[in-house]
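The values are calculated or read from the model by the stated rules, or taken from the named source; none is laboratory data. Please read these numbers as outputs of a predicted model, since none were measured by experiment. Here the Cβ is made from the backbone with ideal geometry for all residues, glycine too, and neighbour counts use every protein chain on show. The protein model used for the area step is the full one, side chains on, heavy atoms only, and it has no ligands, DNA or RNA in it. Shrake-Rupley method; radii C 1.70, N 1.55, O 1.52, S 1.80 Å.
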Amino acid sequence: MSAGPQLLQGELHLEGVSLQEIAARFGTPCYVYSRAALTAAFEDYRQALTGRDALICYAVKANANLALLNVFARLGAGFDIVSGGELQRVLAAGGDPAKVVFSGVGKRQDEMRAALEAGIHCFNVESASELDHLNQVAGQLGKRAPVSLRVNPNVDPKTHPYISTGLKTAKFGVAFEDALALYRRAAALPHLHVQGIDCHIGSQLLDPAPAAEAAEKILGLVDTLAREGITIAHIDIGGGKGIRYRDETALSATEYLAPTLKALAGRKEKLLLEPGRSLVGNAGLLLTRVEILKPGSEKSFAVVDAAMNDLMRPALYDAWHDIQPVAPRAGQAHAYEIVGPICESGDFLGHERELALAEGDLLAIMSAGAYGMTMSSNYNSRARAAEVMVDQGRMHLIRQREDTAQLFALESVLPH
Ligand SMILES: *Cc1c(COP(=O)(O)O)cnc(C)c1O
């Protein structure tokens, strides 16, 4: 995608904006997103779905900043949420509640109530109990809740076990064999309205075949349901398309969806998708500054001002992110461990990176737009990073850097 970072006069720029200038103005660590890249990723999906009744529901958990949600809302996106908090964000960002689907294995009743009052498109239900809870809450409000069942097609998505979700052993969804009985139950409950069927088999999927296999299994079930008089208006095939972090071959949406769309050819049901990572991952980077160089006989360390609390993926999944100097310097490169200042040995951002570095240099940790800021924490009483969006040559602060007083503002000491 041409909307990625580029070297101009020996310095990295994003959408023509100097990363050096962003760091000077807003400090580090700082997440930087490109509106053009977000838009291009969305249009890639839209193009893949041309001529088809489809709704792209951006999975908010990948990156929940209001400005970013607003960019997608303006493009006509729907949203896939997993909590009442995400619902409030979507509404605050101008998202259309009628295009929201609510996923998640443990929805609370107050969250169900808020979503019913907002008028969301559908609840993606994951258990028999949840059907009962939702029926009860909807009854109290005098409403009928639109429901879809998240079915586990039991296909292996061939990805990291922590982000594989569609196997029988996963906590998510209902077993394929149990789905029919649960649909019958849903159809019989007075305050539910069967609307759709959904699945989500995992994340960072590079092979398009498992998604198509899942879609086929689900279509079989839709036909069985139709024979029982249970009509499914939409098929939600979840998210999960992978991106290029290192040397992965990431397919375009058209290529990735081709086998799935082939399986769905001629079907009248509306198609829903829930992409997260593939819409935002490569639209963002994390800017950080080298604080200390610490050479050693076994390993040399570059201690930077970003850490696992800012970007958890390396520590959590051993994920690989490209790390580039913002102003590459001439001179001898060394293999550095790029680490943060947190008191954990797992606090690393990259291993053995061949870089020529000096203290004070800026580094860009690439592909950090997804599951970066949203997974960040305040561990070690570190204030969370600022977020900036560049758009047509301009930089916009879209989240202020936290200050330390905010971190303990909700705490109090015991009385005397
Ligand atoms: C996380 C999640 C998504 C988004 O997954 P990506 O891999 O980021 O595309 C979509 N649907 C559900 C139910 C999810 O939990």
When the residues of the stretch 35-66 are narrowed to those that are within 27 Å of residue 84 (Cα to Cα) and of a type in the set (S, T, N, Q), which ends up surrounded by the fewest Cβ atoms within 10 Å (Cβ to Cβ)? 39
Which numbered condition residue 353 misses (of (1) under 24 Å from residue 242 (Cβ atoms); (2) part of a loop (DSSP other than H, G, I, E, B); (3) of a type in the set (D, E, K, R)): (2)
Just one listed residue, out of 298, 255, 269, is among the acidic types (Asp, Glu) and within 20 Å of residue 203 (Cβ to Cβ), and it is 255
Could you tell me which numbered condition residue 170 fails, if it satisfies all but one of (1) farther than 28 Å from residue 137 by Cα; (2) within 16 Å of the ligand (Cβ to nearest atom); (3) without any contact (Cβ under 8 Å) to a residue 24 or more places away in the chain? (1)
Can you find, within the stretch 202-239, the residue that is farthest from residue 126 (Cα to Cα) among those that are open to solvent by less than 10 Å² (accessible area, probe 1.4 Å) and within 11 Å of the ligand (Cβ to nearest atom)? 205
Would you mind stating whether residue 192 is of a type outside the set (D, E, K, R), surrounded by 15 or more Cβ atoms within 10 Å (Cβ to Cβ), at pLDDT 95 or above and more than 15 Å from the ligand (Cβ to nearest atom)? yes
The lone condition residue 346 fails out of (1) modelled with pLDDT under 95; (2) not in a loop (DSSP other than H, G, I, E, B) is (2)
Looking at the stretch 284-298, can you tell me whether even one residue there is within 16 Å of the ligand (Cβ to nearest atom), in contact (Cβ under 8 Å) with a residue 24 or more places away in the chain and either among the hydroxyl-bearing types (Ser, Thr, Tyr) or closer than 25 Å to residue 402 by Cβ (or both)? yes
Does the stretch 396-416 contain at least one residue that is at positive phi and either assigned to a loop (DSSP other than H, G, I, E, B) or away from the ligand (no atom under 16 Å from the Cβ) (or both)? no
Quick one: would you say residue 275 is within 28 Å of residue 45 (Cβ to Cβ) and within 16 Å of the ligand (Cβ to nearest atom)? yes
Take residue 16 and decide whether it is open to solvent by 20 Å² or more (accessible area, probe 1.4 Å), touching a Lys or Arg at 6+ places or on another chain (Cβ under 7 Å), in contact (Cβ under 8 Å) with a residue 12 or more places away in the chain and assigned by TED's automatic domain parsing to the domain that holds residue 397. no
The stretch 113-141, subset under 22 Å from the mean Cα position of the chain (by Cα) and without any contact (Cβ under 8 Å) to a residue 40 or more places away in the chain, residue nearest to residue 180 (Cα to Cα): 123
Please verify whether residue 308 is modelled with pLDDT of 95 or more, in the same structural domain as residue 23 (by TED's automatic domain parsing), within 16 Å of the ligand (Cβ to nearest atom) and in contact with a helix residue (DSSP H, G or I) (Cβ under 7 Å, 6 or more places away or on another chain), treating the condition exactly as stated. no
Residues that are outside any strand (DSSP E or B) and open to solvent by 10 Å² or more (accessible area, probe 1.4 Å), drawn from the stretch 284-312: 295, 296, 297, 298, 299, 305, 308, 312
Touching a strand residue (DSSP E or B) at 6+ places or on another chain (Cβ under 6 Å) and either within 16 Å of the ligand (Cβ to nearest atom) or closer than 29 Å to residue 38 by Cα (or both): does that describe residue 281? no
Candidate set: the stretch 68-98, residues that are of a type outside the set (A, V, I, L, M, F, W, C), within 15 Å of the ligand (Cβ to nearest atom) and closer than 21 Å to residue 270 by Cα; chosen: the one surrounded by the fewest Cβ atoms within 10 Å (Cβ to Cβ): 78
On the basis of being basic (Lys, Arg) and assigned by TED's automatic domain parsing to the domain that holds residue 389, does residue 74 make the cut? no
